[in-house]
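Working notes, structure below.
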Amino acid sequence: MRHQKLFTPGPTEVREEILQTLSTPQIYHRSKEFSELYAEIQPKLQQLFYTKNPVFIFPSSATGAMEAAVINGVRKKCLNLVNGAFSNRWYEITQMNGIDSDALNVEWGKAIKPEMVKEMLDKGEHDAVTLVFNETSTGMMNPLKEIAEVIREYDDVLLFVDAVSALGGVKIEVDKLGIDMCLAGVQKCMALPSGIAVASISERLLERANEVRRGFYFNIPRLYKYHLKNQTMVTPPIPHIFALNAQLDYILKEEGLEKRFARHEKMAKIVQNWARKYFDIFPEKGYESKTVTCIKNTRGISIAGLNEELAKYYLKISNGYGKLKEKTFRIAHMGDMEVHDVEGLLALIEDILNL
């Protein structure tokens, strides 16, 4: 079956060169070769995260890293900031692990405001906060900088950030913001095949994890012990790590981070201007994502039907997520997509819908 070009918010399109890298012959994960590969990747990941902290490679989806954050980083009580499907997932993860937590619930599409966070933290009950920076389900970007500034006022409170659909498309200065764990899947803005996650780990989180001592597979002190030896605790998906190394070289050396961020911003403006012309945008004004646009289905079209028509041209977009299905649709403008790609997609949608 011929491949459909993905304008979906993960997985995203993967370049042919990266697909070829996946076929690199296997090496033994306890060998010097693998340790050298791991060591080569580390400073590149630190550059991407704008951090001096270690960056772990998780042999799981980003959901595993979300679980690692709360089982290792919550000593007293967690504050989960919830305004979409994936921020609610973090609350569910916290609850299902038997960790005391509160959900600060805000309507889907509305931003978490810093004053809301301050009001909750002033109670003195919480020692960790989870925040989804770019909520993929609603195409909304929370004010990370302002929320981080509030959290830094509370010495004992750790900040965990889901940057799953933002890292590699938007600048996230981890150390400057004081993020204790910033995590992401690689199958979105980083334009890699799904299968691994990456996460920066602060010294404060390492200290907290040594006190808390929860978990086995996602136990941060155990993972750190292997990290110091340029190893992973368990057998990693080695082809994905070869691909990660190659794509980091492309992002950092061939394109450059600032150019990559500017390209994502330009694509976002094109899609969002188009969406406002023909439909409307779902998230609160001023908090629109720079990597995926969630569009209100104001014309009452069949999104499933639109995707069927797009499939004839080997293209695919995303329906609304969960309760937003058919009420919205999402167009991703992330990864290695170029401006001409999104412009071509939008022109085709106009033709199909006779806009």
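Values quoted throughout were computed directly from the atomic coordinates according to the rules given, and no laboratory measurement underlies them. The model shown is predicted, which means the values in this text are computed figures rather than measured ones. Cβ: placed from backbone, ideal geometry, glycine included. Neighbour counts: every protein chain shown.
Under a 5 Å amide H to amide H cut-off, with H placed in plane at 1.01 Å, what residues pair with LEU315 once short-range neighbours are removed?
Answer set, sorted by chain and number: LYS5.
Just to verify a number: FRET efficiency for ALA262 and LYS145, C-beta to C-beta distance, R0 = 22 Å, to 0.05?
0.75
Could you put THR51, THR298, THR138 in order, starting from the residue whose Cβ has the fewest other Cβ atoms within 10 Å? It would help to have the intermediate numbers written out before the result.
On the way: THR51 21, THR298 12, THR138 31.
Sorted ascending by nearby Cβ count, the order is THR298, THR51, THR138.
Does the stretch 109-232 classify as rounded, prolate or oblate by the C-alpha gyration tensor (a ≥ b ≥ c root eigenvalues; a/c under 1.5 gives rounded; else a/b over b/c gives prolate, otherwise oblate)?
Verdict is oblate for the stretch 109-232.
Of the DSSP beta bridges with both residues in the chain, give the percent that are antiparallel, rounding to the nearest 5. Display every interim value, and only then the final one.
Details: 21 of 41 bridges.
About 50 percent, rounded to the nearest 5.
Taking the Cβ of GLY124 as the centre, find all other residues whose Cβ is under 11 Å away and add up their charges (Lys, Arg: +1; Asp, Glu: -1).
-1
Rank GLY185, GLY124, GLY169 by mean-square fluctuation in a GNM of the chain with C-alpha springs under 10 angstrom and give only the top-ranked residue.
Fluctuation is largest for GLY124.
I'm checking a number: the convex hull volume of the Cα atoms of the stretch 237-355, normalised per residue, in Å³. What is it?
Numbers: hull volume 15.9 nm³, N = 119.
Each residue corresponds to 134 Å³ of Cα convex hull volume.
So for the stretch 21-125, Kirkwood radius off the Cα pairs, Stokes-Einstein at 37 °C and 0.692 mPa s: how many µm² s⁻¹?
195 µm²/s
State, as an integer percentage, the relative contact order of the stretch 24-253 based on alpha-carbon contacts under 8 Å between residues 6 or more apart.
Once normalised by length, the contact order is 28 percent.
Once you've got the GNM for the chain with C-alpha springs shorter than 10 Å, pick whichever of VAL150, VAL292, VAL164 has the biggest mean-square fluctuation.
Greatest mean-square fluctuation among the candidates belongs to VAL150.
Send over the per residue convex hull volume for the stretch 216-304, Cα only, as a whole number of Å³.
Values: hull volume 18.6 nm³, N = 89.
Residue-normalised Cα hull volume stands at 209 Å³.
Using a 10 Å cut-off around each Cβ, can you sort THR235, THR24 from fewest to most neighbouring Cβ atoms?
THR235, THR24
Any idea how many Lys pairs in the stretch 91-214 come in under 14 angstrom at the alpha carbon, given 8 or more places apart or on separate chains? Write down the numbers at each step before the final one.
Values: LYS113/LYS145; LYS118/LYS145; LYS145/LYS171; LYS145/LYS176.
Lysine pairs meeting the criterion: 4.
Largest first, please: the extent of the C-alpha atoms of the chain along each principal axis, to the nearest Å.
61, 53, 33 Å, listed from the longest principal axis down.
Using a 10 Å cut-off around each Cβ, can you sort SER35, SER137, SER23, SER60 from fewest to most neighbouring Cβ atoms?
The fewest-first ordering by Cβ neighbours comes to SER23, SER35, SER60, SER137.
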